[in-house]
Amino acid sequence: MKRTEFKKIDMKLVKEIISKKGFYYFSLDRVYERFCGANYIIVTDDPHFKERHPRFAKEIIMTPAQFELYAAEYNDRIAYDDRERKRILKKEERVLNEAELTADDTVENQVMRKLQNERIYSAVKNLTDKQKKRVIRYFYYGLTERKIAEIENVSYKQIRKSIEQAKKKIKKFLK
């Protein structure tokens, strides 16, 4: 599943949709990957919703007041994830800037660093820009593939495939 940038839940809009349609639904895939059980939270004022809509019987049914509490927690999580994503991107940018600054370092230090890292640097240099970022995040920062996927708003499988391809390229280059 391709993950998109999640937006906060606007309760005013939720209530407006409920007044027009009679219910609002929230996909649990947005919060819980590979969740077993209900697929949606159905928000409605109708106390007989399950009886009127038996196909939704296994879903989680909430009143707008109950969902408002859930939405507040969800919105807090989205805000935290956004702050965390920005923090990691800033840190990554600093590392890349430091790498550029080392180019202005003394010749002696450059030679030493080059002798130590030349082969690995050359291998990573041959990766695509996306692969470079993902490899740095995975190996340098120690982020999981799932966290990288969350930061880049792409699927976990894309990240896994990209990192595996990068590893193969690096191994092939180092042989």
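Before moving on, here are some points about what is shown:
- Taking a sphere under 11 Å around the Cβ of TYR140 and counting the other residues whose Cβ falls inside, with K and R at +1 and D and E at -1, yields a net charge of +4.
- All lysines inside 17 Å of LYS171 as judged from Cα atoms, apart from same-chain residues fewer than 8 positions distant: LYS125, LYS132, LYS161
- In this label model, TYR141 and ASN39 are separated by 3.3 nm, measuring between points 7 Å along each Cα→Cβ vector.
- Separation in nanometres of the label points that stand 7 Å from Cα toward Cβ, at LYS125 and GLN165: 2.2
- Taking θ as phi - 60° and the Karplus parameters 6.51, -1.76 and 1.60, the scalar couplings of the range 163-169 work out to 5, 4, 5, 5, 4, 4, 4 Hz in sequence order, x denoting glycine and proline.
Every number here is computed from the coordinates shown, using simple stated rules; none is lab data. This one's a predicted model, so the numbers in the text were calculated from it and none came from an experiment. Positions of Cβ are backbone-derived with ideal geometry, glycine not excepted, and every protein chain shown enters the neighbour counts.
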